[in-house]
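Everything on this sheet refers to the single structure shown next.
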Amino acid sequence: LVDVDGNSNAWESLRWKLLSGGPVIKIKSSGNLVQWYYHLLQDTVHLKEVDIFTEDVEKIAVSIMEDEAYAHKLMRNAIRLSVEALSTKRARQYFFDAITNCWELEKEFAERDWRIRKAPEAPQQTNK
């Protein structure tokens with residue numbers, strides 16, 4: 001499944017893709033468009049983020065389909081995150097908190113990096 005940001009508020013679309021049971025390729029936004037939950041997502045953990053200008057999307061999609069273990073890892077992690085953090089109830093609570101606490105949250109929101117995070121590098125294994 002491929003997700004591309006645009007000029008509308010389609011946060012629900014990516015949530016359903018993450019819940020679908022298929023690996024998600026997220027086209028990196030050229031305009032730094034973000035949703036309220038992007039900071040919870042990790043590239044190569046919940047989805048595969050791709051820069052359409054510098055990476056071959058088709059080649060990446062094929063490599064994910066050929067690596068069944070990696071595809072299943074993405075799917076499991078995406079579903080888990082979606083169920084735990086992206087439910088309609090959680091979204092409503094998030095927006096309620098943002099509105100009712102806007103004065104206290106203003107600094108946190110201004111300083112938060114809302115983009116999808118890179119997954120931590122795996123430690124290098126040495127062959128002995």
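Okay, here's what the table says:
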{"item": "Segment 1-101 shape via C-alpha gyration tensor axes, a/c threshold 1.5", "result": "oblate"}
{"item": "Amide proton proximity set for V50, modelled H, under 5 Å, gap of 5+", "result": "K26, I27, K28"}
{"item": "Modelled label reach - A71, point 7 Å along Cα→Cβ, segment 8-47 residues with backbone N closer than 13 Å", "result": "21-25"}
{"item": "Segments 15-22, 43-50 sorted - mean Cβ within 10 Å per residue, highest first", "result": "43-50, 15-22"}
{"item": "Distance in nm between pseudo-label sites at S87 and E55 (7 Å out along the Cβ direction from Cα)", "result": "3.1 nm"}
{"item": "Estimated FRET transfer efficiency when R0 is 30 angstrom, pair A98-S20 (beta carbons, to 0.05)", "result": "0.65"}
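FYI, it's all coordinate maths here, none of it is from the lab. Remember, predicted model here, so these are calculated numbers, not experimental data. Note that each Cβ is placed from the backbone with ideal geometry, even for glycine, and that neighbours are counted across all protein chains shown.
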